[in-house]
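Engineer: Mind looking over this structure? Questions follow.
The values are calculated or read from the model by the stated rules, or taken from the named source; none is laboratory data. Nothing here was measured: the structure is a model prediction, and the numbers come from that model. Cβ placement follows ideal geometry from the backbone for every residue including glycine, while neighbour counts extend to all protein chains displayed.
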Amino acid sequence: MHDYTRDHLGYRDIDMSTEKTGFAEFDATFDFLTGDMDWEEYGGSWYRKVDHRFHVVKIFDWREAVGEDEASEIDGTHHIELVEVDTNDEDRIKPALECCGYYADEDGNIVCDSGDMLAELKDEDTWRLIVCEAMVSYGSFANIHDFSGSDLNKMLATMLAESNQMVDDAEAYERRMNRVVNRIGSTAREMQRGDINSALLRGLASGDERAELMVRMGTLTRE
C-alpha cells in the first residue's frame with residue numbers, strides 16, 4: 001500500500017557530507033514504485049507526487065543488465081535516472097495504459113483487459129499512480145538527469161536534491177524542462193509529450209545532417 005500522507009512538497013536540506021543523506025533521506029521523500037526487493041542488484045523505481053506531476057527515480061545494476069564483462073568497461077556499477085511524468089497529459093494516457101494491458105472505461109475508471117477494476121476515477125491518488133507507472137513503462141516522460149556511479153547513497157542524494165530544486169525553484173524547473181536531452185535537439189518537455197517534430201524542424205532550419213537523415217527515413221513529412 002502506498003502512503004500518500006507524506007508532505008511531498010516539503011523542502012529538505014541536502015548535506016552531501018553526512019550519513020543522513022543517501023537512501024534514508026531519499027526514502028523519507030520518495031515511495032517505492034516497482035522493482036525487486038533486492039533493488040540494489042535487480043533494480044527498482046521510486047516516485048514522488050507533486051500535484052498532478054510525478055518525479056520518478058529509476059536505478060539498475062549494470063552488471064545485472066549487461067553482464068560482468070561489459071559492465072567492467074563502464075564507469076560505475078549502477079545507473080540512475082530522474083524523470084518527470086505529467087498525469088494530466090490526456091493524449092498520452094490512453095496509449096500508455098494500453099501498453100500495459102489497461103484501458104479507461106466510459107466513466108474514466110482504469111480497468112485491465114480481464115475486466116478487473118484497478119482504480120476508480122474518484123480515487124484520484126491510486127488512479128494517478130497507475131497512470132504514472134504506465135507512462136514510465138510506455139516511455140512518456142521528461143528526462144531530467146541520469147548518470148552512472150558506484151556510491152548509491154550519493155547517487156540517490158543527488159537525485160533528491162535535483163527533485164527538491166525543481167519543486168522549490170520555478171526557474172530551475174523551466175531550465176530543466178527546456179534542456180536538450182538527445183542528439184537531435186529535443187527538450188525534456190518535448191520528449192515528455194512525444195514531440196520529435198519540433199527538434200527535427202529546428203534541425204532542418206539549421207542544416208543539421210542528423211535531422212535531414214531522419215526526415216529522409218520518413219520520421220517527418222515535409223509539407
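Engineer: Name the strands (runs of 3 or more DSSP E) wholly inside segment 95-165 in which the number of residues that are under 16 Å from the mean Cα position of the chain (by Cα) and either outside the structural domain of I74 (by TED's automatic domain parsing) or under 20 Å from T29 (Cβ atoms) (or both) is 1 or more. Step through it out loud before you land on a result.
Structural biologist: Values: elements: 102-104, 110-112, 117-119, 142-149.
The strands (runs of 3 or more DSSP E) meeting that bar are 142-149.
Engineer: Give me the residue from segment 169-223 that is among the β-branched types (V, I, T) and exposed (fewer than 15 other Cβ atoms within 10 Å of the Cβ) and, out of that set, farthest from F141 (Cα to Cα).
Structural biologist: As a first pass, look at segment 169-223 and keep what is among the β-branched types (V, I, T): 180-181, 184, 187, 196, 215, 219, 221.
Now restrict to residues that are exposed (fewer than 15 other Cβ atoms within 10 Å of the Cβ): 180, 219, 221.
Values: V180: 14, T219: 20, T221: 24 Å.
Filtering first and then ranking leaves T221.
Engineer: Which ones in segment 159-188 are closer than 30 Å to A71 by Cα and either in contact with a Gly (Cβ under 7 Å, 6 or more places away or on another chain) or in contact (Cβ under 8 Å) with a residue 40 or more places away in the chain (or both)? Even if it seems obvious, please write down each step before you answer.
Structural biologist: Taking segment 159-188 as the starting set, the residues that turn out to be closer than 30 Å to A71 by Cα are 159-163, 176, 179-188.
Residues satisfying the conditions are M159, L160, A161, E162, S163, I184, G185, A188.
Engineer: If you don't mind, another one. Check off (1) touching a Phe, Trp or Tyr at 6+ places or on another chain (Cβ under 7 Å); (2) loosely packed, with under 14 Cβ neighbours inside 10 Å; (3) assigned to a loop (DSSP other than H, G, I, E, B) for I74 and give me the number that stays unchecked.
Structural biologist: (2)
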